[in-house]
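Single-structure report; data block below.
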Amino acid sequence: MTTFGHFALLAALIAAAWAATAAFLGAVGATRGLQRSAERSLLCTAGFVACAVFALEWGLLRDDFRLDYVYHYSSHAQPLAYKLGALWGGQSGSLLFWSLILTAMATVMVATNRDKNRALMPAATAVVGLVLTFFLLLVNVIESPFVTGPLRPDGVGLNPQLKNYWMLIHPPCLYLGYVGFTVPFAFAIAALVTRRTGDIWFRTTRRWTMFAWFFLGTGILLGSYWAYVELGWGGYWAWDPVENASLMPWLTGTAFLHSVMIQEKKGMLKIWNMILIILTFCLSIFGTFLTRSGIISSVHAFATSNIGPAFGLFLGLVFFGSLLLLIFRLESLRTEARLESLLSRESSFVFNNLILVGIAGTVLLLTTFPLISVQLTGRKVTMGPPIFNTVNIPWALCLLFLAGVGPLIAWRKASRENLRRNFTVPALSGLWMLLAVLMLDPAGYWEKLRSVFSSGAFDGIKGFYPALTFGIGAFVMGTLGLEFHRGVRARQHQHGESLPVAAGRMMWRNKRRWGGYLVHLGVVVVFAGIAGSSSYQKETVGEITPGQSLAIDGYRLHYLGHEVLVEDDHLGTLARFEVSQDGRPAGTLQAEQRAHVNLVFPVLKEAFQLAKAVPPGPDRRRAALAMYRLIGEMEGRAGREVKTPSTEVAIRSSMNPLRPTRFGEDLYVIPLAVDPETGRASVRVFVNPMVNFIWLGGLILVLGAHLSVLPDAAERKRLRAAMEIEERAVA
Amino acid sequence: MDRRRLKFLLLGGGVLLAMGFLVWAGLGREGGLAYFVTVSEFRKQHTATSAGVRVNGKVADGSIRRLPSGQDVSFVMTDGQTTLPVSYHGIIPDTFVEGADVVVKGSLDAQSGTFHADELLAKCPSKYEAAAKEGQKPPHGDAPPGHAPNES
């Protein structure tokens, strides 16, 4: 199977290289037959890569520990799902997985454009083929997943933290996002090469862009959720380089999605859109590179490896090559209209773009600053999360504000009348919300206002961010509500429909618009969640024994008792709590402090297997306690730890809408240490208000994104019309 | 250049300038930029108490002492040449084990010579690479149970 995998990879490389070459020849004017050959050869690449993936998965499934990859990322005891998921657990497997996704997308691209876009396809095929060739070169030459070593009885296995349900979903999601931007990028380049810079390239790839943007966004949210439930520090975002790497292409991709609408409607911003898609693709590649190379020290850094120079070269080639091409084609990207007024929909989109790209730029600068600093001054530095917050929160708020302005302000030039008609209600709702939040704690806000003047604007103004977020959020909700109300009322008047029918038909008739509005609503909810959970978080630490209680912010945590367990590959001490919220019983919680025994020591391995064989009951408990004692004894003797700890936090979410002040709140219990003998537990407890709004907003976002990509008859008609005009122009 | 254009350029430029200013201002502030040094470099340059420095090194084998509170730990950090005793108070990440690559932030207590950390980042130990380097020779843990030599 290993040899099979090797040759499948080699064949895939050859096929991809041929696809790129043939399509390039086709693009510069050779025969049409060459393009067909290139497309077929892309399909072959897909087949070969699939074979290689199959070979690797086969090795993982059959525990073929001769394969280095299987040895490092799998083990006998690893559950089936994680054996399969180990495909993206390590570097070479990830790169292979990347290639697999890209070939799958290439297949769809070839299949859906069989009789369409014959002019753009050659160059687009060449670009996709080139990207594939690069990744296949990496897995063939530098990082092959099929390197073999000696026969080994068992593997090292995935990290305990990676053995988590979300590990199976989050990375593929992110990869779909990263890879998905390749197709819009390829069509953009094709449009530049062929000088067909009309609106066909982005109309054809609108769904691809949405697809990539959607999966990248979902991947980021899933990653935060994973960090929140698994890593056990009570937070969900830490401005870690790897997190930033996924955020940057998402930001520029969001900018692209917006500004392309202006090109569609007005024929403006053509150069800017090209720059955006080039940036987005480059940042996607850069993101993959950051994640896999560990060039910037990060908690995620999986490996320091030798793919760095190759990636740098490729990235430079793509970036500067595309820019050069863009410069040569500037004359065919002339704008058809000009910005007329600062108060217009066009300019609100332009500023939305400016801020999105600006944030992406600062994140890029701050993330790569350590590298720059070493190059320039020879001193190593790091960037803490506070600076990212200082820089980005004000701009994120501006962006949120523009999300309310953009959809309602008039095109070209907003009249006083338009502003008054569309923004009075939203502005009032925003102001009311702001006032309401301020009135919650007038004295505190007065103090904060004074500190703005006394101790410097920076720290003082920070206190107002949450109130501002809620105010601006209410403003955006106001615009959405107004738009909804007007649309529904118009339908009711015209067609005499009932409210739900009118609402449903209105959304269905204009899926893109209402999908977009839903996404905006989701973003508002996410913002509210971030603001609420980061500024109203409460925290306490305590040491309690069974029978004792801990109180925090209306919660009482009554410690019922503890239990010792032997499971899978670890010992665990489980602490059970009875929770009451505002005097009402609120169920039980269990948090666990695990110890993954170091099975390198034969004594421990034997003892652990014996303990696991004991049937459940008091005997099992005694065996587990004996294990703990043995570990303690060995640690004393060897003078080193022979276990790896892992913490399973307990989370209780309040999702009862009847208690609005608690809605979306989490009680988050971290077991810092639990004594297996006495049960004496040291716990850290957080109350995270509104944190579930983040995940809830994410769900709304998913819904909106889905609505906006559903097939739309009117849109299809527009695309066909655009293509006909193009064909006629060419003929 | 007409006035409309000028207005757009001024406003756009203003946004970018404001962003730049925030970055510049943020760099000098607490929690922003911090110097990142190895244990040896720290020993050489920072004998006095200098706050806000991040020190990078590995957790020395057999040096971890966890207190029952679950959020206090002391250990020795090393970069192969010099060592630095560290005490830390806070949430201990699961990735914090012997041999792990850690970054601590805090300051040196001149009297005891201990580094008091208020931030501890631990990278998953590069056990995979270490194992890979051993390469041809299977690690001792792979010997079949029962036939292995006694552990130390």
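The values are calculated or read from the model by the stated rules, or taken from the named source; none is laboratory data. Worth saying up front: this structure is predicted, and the values here are computed from it rather than measured. For neighbour counting, all protein chains shown are included, and Cβ atoms are generated from backbone atoms with ideal geometry for every residue, glycine included. Please note that ligands, DNA and RNA were not included when accessible areas were found on the heavy atoms of the full protein model with its side chains. Shrake-Rupley method; radii C 1.70, N 1.55, O 1.52, S 1.80 Å.
If A:Ser708 satisfies every condition in (1) assigned to a helix (DSSP H, G or I); (2) crowded, with 16+ Cβ neighbours inside 10 Å; (3) among the small types (Gly, Ala, Ser); (4) out of contact with any helix residue (DSSP H, G or I) (no Cβ under 7 Å at 6 or more places or on another chain) but one, which is the exception? Exception for A:Ser708: condition (4). For segment A:657-685, the tally of residues that are more than 19 Å from A:Ser534 (Cβ to Cβ) and away from chain B (no Cβ under 14 Å) stands at 4.
Among the residues of this structure, A:Pro426 does not count as one that is within 14 Å of another protein chain (Cβ to nearest Cβ) and either more than 30 Å from A:Leu482 (Cα to Cα) or of a type outside the set (S, T, N, Q) (or both).
Here A:Arg576, A:Arg594 are screened, and the one residue that is in contact (Cβ under 8 Å) with a residue 12 or more places away in the chain, within 12 Å of another protein chain (Cβ to nearest Cβ) and not aromatic (Phe, Trp, Tyr) is A:Arg594.
For segment A:18-133, the helices (runs of 4 or more DSSP H) that sit wholly inside it and include 2 or more residues that are open to solvent by 20 Å² or more (accessible area, probe 1.4 Å) and basic (Lys, Arg) are A:32-61.
Do we find that A:Ala551 is in contact (Cβ under 8 Å) with a residue 40 or more places away in the chain, more than 28 Å from A:Lys163 (Cβ to Cβ), in a strand (DSSP E or B) and touching a strand residue (DSSP E or B) at 6+ places or on another chain (Cβ under 8 Å) in this structure? Against the criterion (in contact (Cβ under 8 Å) with a residue 40 or more places away in the chain, more than 28 Å from A:Lys163 (Cβ to Cβ), in a strand (DSSP E or B) and touching a strand residue (DSSP E or B) at 6+ places or on another chain (Cβ under 8 Å)), A:Ala551 does not qualify. Restricting to segment A:612-641, give me the number of residues that are of a type outside the set (Ser, Thr, Tyr) and within 30 Å of A:His558 (Cβ to Cβ). Number of matching residues: 15.
No other residue among A:Lys462, A:Lys511, A:Lys448 is open to solvent by less than 60 Å² (accessible area, probe 1.4 Å) and basic (Lys, Arg) apart from A:Lys511.
So that you can scan it fast, the table gives a plain yes or no per residue for (1) touching a strand residue (DSSP E or B) at 6+ places or on another chain (Cβ under 8 Å); (2) open to solvent by 30 Å² or more (accessible area, probe 1.4 Å):
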{"position": "A:Phe320", "(1), (2)": "no, yes"}
{"position": "A:Ile327", "(1), (2)": "no, yes"}
{"position": "A:Arg338", "(1), (2)": "no, yes"}
{"position": "A:Ile355", "(1), (2)": "no, no"}
{"position": "A:Leu366", "(1), (2)": "yes, no"}
{"position": "A:Thr424", "(1), (2)": "no, yes"}
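The residue that is surrounded by the fewest Cβ atoms within 10 Å (Cβ to Cβ), among those in segment B:3-23 that are within 16 Å of A:Arg338 (Cα to Cα) and facing chain A (nearest Cβ under 10 Å), is B:Arg5.
The numbered conditions (1) under 25 Å from the mean Cα position of the chain (by Cα); (2) modelled with pLDDT of 90 or more are all true for A:Gln91 except (2).
Here A:Val183 meets the list (1) aliphatic (A, V, I, L, M); (2) over 20 Å from A:Ser41 (Cα atoms); (3) in a helix (DSSP H, G or I) almost entirely, failing just condition (2).
The residue pairs whose first member lies in segment A:326-349 and is away from every other protein chain (no Cβ under 13 Å), whose second member is among the aromatic types (Phe, Trp, Tyr) and crowded, with 16+ Cβ neighbours inside 10 Å, and whose beta carbons are closer than 7 Å, counting only pairs six or more residues apart or on different chains, do not exist in this structure. Give me the pairs, please: first residue somewhere in segment A:634-650 and within 8 Å of another protein chain (Cβ to nearest Cβ), second residue anywhere and polar (S, T, N, Q) and assigned to a strand (DSSP E or B), beta-carbon distance under 9 Å, and either six or more positions apart or on two chains. Note: pairs meeting the criteria are A:Pro645/A:Gln593; A:Ser646/A:Gln593; A:Thr647/A:Gln593. Residues that are modelled with pLDDT of 50 or more and touching a Gly at 6+ places or on another chain (Cβ under 6 Å) were ranked within segment B:116-152; the one that is farthest from the other protein chains (Cβ to nearest Cβ) is B:His116.
Which residues, counting only those in segment A:368-421, are under 30 Å from A:Ala531 (Cβ atoms), surrounded by fewer than 16 Cβ atoms within 10 Å (Cβ to Cβ), within 14 Å of chain B (Cβ to nearest Cβ) and free of Cβ contacts under 8 Å to residues at least 40 places away in the same chain? Within segment A:368-421, A:Pro386 is the sole residue that qualifies. Where residues in segment A:498-508 are open to solvent by less than 70 Å² (accessible area, probe 1.4 Å) and out of contact with any Gly (no Cβ under 9 Å at 6 or more places or on another chain), which of them is farthest from A:Arg716 (Cα to Cα)? Step by step, filter segment A:498-508, then rank; the result is A:Ser498. Pairing each residue of segment A:149-166 that is more than 8 Å from chain B (Cβ to nearest Cβ) with any residue that is buried (at least 18 other Cβ atoms within 10 Å of the Cβ) and in a loop (DSSP other than H, G, I, E, B), provided the two are 6+ apart or on different chains, yields C-beta distances under 6 Å for A:Gly155/A:Phe65; A:Gly155/A:Ser74; A:Gly155/A:Ser75; A:Gly157/A:Ser75; A:Gly157/A:Gln78; A:Leu158/A:Gly89.
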